[in-house]
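What follows is calculated from the coordinates using simple rules that are stated; it is not laboratory data. Source: prediction; values computed, not measured. Glycine gets a Cβ as well: all are built from the backbone with ideal geometry, and neighbour counts include every protein chain shown.
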Amino acid sequence: MTNYVVVSGKIPKALKEKIKKLGININRVIRRALEEEVKRREEALLKESIENAAEILRKIDTKRIVKSIREDRESR
């Protein structure tokens, strides 16, 4: 079973009344919104990590790597 915690926030009374009148499931909306925000931020962090890795990889001299591999193969 998943563990749950309670989170709280304040909204205007008029908004709460509209939510109740429209039959909106607050828990479902909050959960979905938070899941989407977490996903968006995780994707942003991943994109940043990929960009950092790409920057490092651009600095590597491919000719040097190819030469090294060839030398290693020839020494066998």
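Distance between the C-alpha centres of region 48-73 and region 4-31: 52 Å, rounded to the whole angstrom. Per the Debye formula on identical point scatterers at the alpha carbon atoms of the chain, with no solvent, log10 I(q)/I(0) at q = 0.27 Å⁻¹ is -1.19. Put a dot 7 Å past the Cα of K67, heading toward its Cβ, do the same for R31, and the two dots end up 6.0 nm apart.
Summed over qualifying helices (DSSP H, 4 residues or more, each -39500 (n - 2.57)) and divided by its residue number, the chain shows a 222 nm mean residue ellipticity of -25000 deg cm²/dmol.
Helix 26-58 versus the longest principal axis of the chain: what is the Cα-based angle in degrees, 0 to 90, to the nearest 10? The angle comes out at about 20 degrees. Report, in degrees rounded to the nearest 10, the 0 to 90 angle that the Cα long axis of helix 13-22 makes with the longest principal axis of the chain. With both axes taken from Cα atoms, the answer is about 90 degrees. Considering only K16, K63, K47, the Gaussian network model of the chain with Cα springs below 10 Å gives its largest mean-square fluctuation to K63.
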